[in-house]
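Beneath this line is the structure, given in structure tokens, with notes to follow.
Derivation of every value follows stated rules applied to the coordinates shown; laboratory data play no part. Just so we're clear, the structure is a prediction, and the values are computed from it rather than from any experiment. Here Cβ is always computed from backbone atoms with ideal geometry, including for glycine, and neighbour counts include all displayed protein chains.
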Amino acid sequence: MICYLFSEPLYFLFTSGVPALLYYAYIPTTFIALFLGIYVYRNGKHLLFNKLFFVICILFSLWTISTLIEWTNIHSGLILFVWSFAGIISGLIAILSVYFIYVFLEKKNLTTSIKSILILAISPVILLSPTSLNLSGFDINACDAFKFWWLPYKIYYTLLGMMAMIWIFVLMARKYRVSTVDMKKQIILMGTGIEFFLSLFFIWTSYTYYLTQIGVDSDSRLEMYGLLGMVIFLIYIGILMVRFKVFNTKLIATQALVWTSIILISSQFFFIQTNINKVLTGLTLIVFSVVGWLIVRSVKKEIRQRQEIEHLLKIKSEFIDIVSHQLRTPVSVIKGMASMLKEGDLDNQPKEKRDEFIAGIYEKSEKLADILNDILKAAELDMDNFSFTPANIKPINLSQLVKGIFDDLFSLAQAKKLNYQINISPEIANLNVMTDESFLKHVFQNITDNAIKYSRDGGSTTVDLSKEKDFFICKIIDSGIGIPEDQKDRLFEKFFRAKNAVDVHAYGTGLGLFIAKKIVEAHHGGKIWFDSTIGKGTTFYIKLPIAKQV
Amino acid sequence: MKTKTFFKDYFFSLILVASIIVVSIFSFYRFIIKQDYIVSYEGKCEITSNNCFLECDNDSCTENHYYSKMQKYAPDLYNECGKDITDCANANICLPNDQKCSITYCDPENDGDTCKKATPSESAILNDEQSSSTNNTIKL
């Protein structure tokens, strides 16, 4: 059946029978919501919080598009079909808003039992949507669907929305009391935004629908303005993204402003009529887009430079920290011991005692030399295209090199009563790697030494050398303290040491892994990576190319 | 193993998506294919014989029209009139084969001033006017 309020719409959406303001209000809001949702999702595909925001934006966009279709179309079957989803979309927005706020506040996923409650709450809305309890017929004169006489379906999903609002308020209020000042600000922004959105979305639409039903309002056009809550919510989300970096995005205020302005200027095409206005708006849009792009590019460049400076300052401070702690301690010990020898304080002591002091000075000097070597090596390797000096590259038997280092560190492992093992696949016994031996030795020495150092007494350390196609694969497995999840990304950075490593062993420059990575990657196809579970241990993998046999 | 983890992580999402797909198919079948719903509209009403609903066509109510409230089952209406019922005489009556059909006239006790039935003198004038007019709507 067709109703005859409007003419047949173009592309299911555009007809001259509805107010232009409807398009101006709905289409830009939909675009901004979609743009923000996609932007947030692309910047953190793995984050649940980002995924939930993306889904809410998609649902909101579906709601606006389906509402536009309901308003502008004249075919009863199509209108009823699209209208039948209104409850599902609204119900999903309600439960996902609770889920979204929970993840925002608690930084963790909902428990299975709460998820089950939410699914149970939404299931009647989904299951009853195609039935007459939702929509029973079509009014040709008003071009509207009509509903079961006492509206149980609509009342149910509206109540679901109101329950969501109360639930969110309780969650926010409870968290607010125990939050930091920064988090409190975020809670206020997020809370106000989402409550505005839900209240206009559920309460306003129900109230205007009620006014229409009792005849106070001639049609349900006021219901359209329920989407304005989303505009407020998106503005608050924008502030949270720019100011507090929620969603782990790097959206800058300039970028947000430029994109919003472009969408708003573009949306004017939906209601301007004259050609001259269309041309002028088109020109404004082009000029603004170009200028906006240039501004965003320049601001991004400035931010990048600032971040680089901040990074360099951080490295500098870490370097000073290393120098002040790692160098000063052995120097002080050497100075103290040498001074005692010089002043003759040990003249009356037995020879063994003096030898002990001399051995101490020697040991600390070795440590100092190690630190200086690390710093010099790091400086040498800290170039974009580091490569070995050609004259120093020779075929080296990797099995022998790894076995040699394993044996050198045996006493260290024995002191910790470790189950210390090496497995070398027989097929690689005669295979070589083209390398600078002194550099490569440093890699295996450093990682095996770390594996022993960070393994618990009585634990295990295993070195496993095998081949995969044209590469050696060396696994160095320890039963140590593991690497904290939030510090894994920084492990190969210069001067970086994981916090739990510093707690266990105060001594260390934080250069070993940085040097190892640079050396391994200087080999063609060379790669170093790791798997680690906190408290259980770490496995380092080193992949090196097998030299072609002549 | 990966499949198992995927199902564990996305169990609830999968239930939701699957149920929404199923009900979408049902809705599509009901509203688009089977057209299983009631259609409501303003039917023709003769004030000479029935109490009709009165609706003003302008603010000063100098022009108005009368109607009865019609409800018909969409497939019946489609078979009798096609997509557009504007000039379809069968849309204004209930036929014996109609599965669901109702005509509601105005009830002066409940609907009050919105009801109108012609007095005998008005009926006589209207009958004269009607015989010379082919208009579908009846105006006073």
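What the table shows:
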| item | result |
| --- | --- |
| Peptide-level mean, for A:137-143, of C-beta atoms on other protein chains within 10 Å | 6 |
| For segment A:446-550: span of alpha carbons on each principal axis (Å, largest first) | 49, 30, 22 |
| Fewest-first sequence of A:M1, A:M340 by Cβ atoms within 10 Å of each Cβ | A:M340, A:M1 |
| Gain in span if fully extended, A:L47 to A:D407, counting 0.36 nm per residue against the direct Cα distance | 125.1 nm |
| For segment A:322-383, fraction of C-alpha pairs farther apart than 19 Å, in % | 42 percent |
| Shielding score for A:76-89, defined as the mean number of other chain Cβ atoms within 10 Å | 4 |
| For segment A:285-347, Kirkwood radius (reciprocal of mean inverse C-alpha pair distance, Å) | 16.3 Å |
| Ratio of Rg to Rh over segment A:357-422 (Cα coordinates, Kirkwood Rh, two decimals) | 1.08 |
| Whole-number D in µm² s⁻¹ for segment A:413-479, Kirkwood Cα-pair radius fed into Stokes-Einstein, 10 °C, 1.306 mPa s | 122 µm²/s |
| Chymotrypsin sites (Phe, Trp or Tyr not before Pro) lying in DSSP loop within segment A:1-108, provided at most 13 other Cβ fall within 10 Å | A:Y4, A:Y11 |
| Ranked list, fewest to most other Cβ atoms within 10 Å of each Cβ, for A:M165, A:M434 | A:M434, A:M165 |
| Neighbourhood charge, 14 Å Cβ-Cβ cut-off, centred on B:C94 and excluding it, Lys, Arg +1 and Asp, Glu -1 | +1 |
| Protection proxy ranking, peptides A:325-337, A:128-140, average beta carbon neighbours within 10 Å, highest first | A:128-140, A:325-337 |
| Inter-label distance, nm, simple model (7 Å from Cα along the C-beta direction), A:Y541/A:E356 | 4.9 nm |
| Isotropically averaged projected area of segment A:329-458, using the convex hull of Cα atoms (one quarter of hull area), nm² | 11.9 nm² |
| Hypothetical label at A:I320: residues of segment A:358-376 whose amide nitrogen lies under 15 Å (7 Å Cα-Cβ projection) | none |
| Inverse mean reciprocal Cα-Cα distance (Kirkwood Rh) of segment A:124-193, Å | 15.0 Å |
| In segment A:451-550, trypsin sites (Lys or Arg not before Pro) in a DSSP loop with at most 16 other beta-carbon atoms within 10 Å | A:R456, A:K469, A:K536, A:K548 |
| Binned Cα-Cα distance frequencies in the protein assembly as shown - 10 Å width, integer % | 2, 10, 15, 15, 14, 12, 10, 7, 5, 4, 3, 1, 0, 0, 0 |
| Likely footprinting exposure, A:T67, B:T48, A:T448, fewest C-beta neighbours within 10 Å first | B:T48, A:T67, A:T448 |
| Table column - 3J(HN,Hα) (Hz), segment A:465-470, Karplus curve with 6.51, -1.76, 1.60, x for Gly and Pro | 10, 8, 10, 9, 6, 9 |
| Sorted largest first, extent of segment A:163-220 alpha carbons per principal axis (Å) | 50, 17, 11 |
| Qualifying trypsin sites (Lys or Arg not before Pro) for segment A:1-61 [loop in DSSP, other Cβ within 10 Å: at most 16] | A:K45 |
| Spherically averaged projected area in nm², based on the convex hull that wraps the Cα atoms of segment A:1-155 | 10.5 nm² |
| Fraction of antiparallel bridges per DSSP, chain A only, in percent to nearest 5 | 85 percent |
